[in-house]
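Participant: Okay, handing you the structure first.
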Amino acid sequence: MNEDAPAGVRGLQFYPSTDGARATCLWESEAVDAVREYVDSTLGDASVNTRWEVDADQAFAEQPLGLRTPAAIRG
């Protein structure tokens, strides 16, 4: 929910697995390192993270059926 995220770092999507063992997150930031610093300082050794910059020219998105937009994001 972007609690205590630094300026310019914003979580856009969160997809947890049904067993809670894994999650995929989409973040928005000017730099991958800003996301890394925030996530690593928040989660510490509780997770192993992989990150990369998205190729915006090749990417596409559509909200999958059945996923809600939480009130905290809707504003």
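Nothing in this text is a laboratory measurement; each read-out follows from the coordinates by a stated rule. It should be emphasised that the depicted structure is a prediction, and the values quoted were computed from it without experimental measurement. Ideal geometry is used to build each Cβ from the backbone, glycine not excepted, and the neighbour counts take in all protein chains shown.
Participant: Which one of these is of a type in the set (D, E, K, R) and touching a helix residue (DSSP H, G or I) at 6+ places or on another chain (Cβ under 9 Å): ASP4, ASP19, ASP40, ASP57?
Facilitator: That would be ASP4, the only listed residue that is of a type in the set (D, E, K, R) and touching a helix residue (DSSP H, G or I) at 6+ places or on another chain (Cβ under 9 Å).
Participant: Being of a type in the set (D, E, K, R) and closer than 19 Å to ASN2 by Cα is the filter here, so list the residues in segment 31-52 that pass it.
Facilitator: ASP33, ARG36, GLU37, ASP40, ARG51
Participant: Still on this structure, please answer the following. Give me the pairs, please: first residue somewhere in segment 31-44 and closer than 15 Å to ARG10 by Cα, second residue anywhere and among the polar types (S, T, N, Q) and surrounded by 15 or more Cβ atoms within 10 Å (Cβ to Cβ), beta-carbon distance under 6 Å, and either six or more positions apart or on two chains.
Facilitator: So the pair list comes out as VAL35/SER29.
Participant: So which residues in segment 12-56 are within 24 Å of LEU67 (Cα to Cα) and touching an Asp or Glu at 6+ places or on another chain (Cβ under 8 Å), if there are any at all?
Facilitator: Matches in segment 12-56: LEU12, ASN49.
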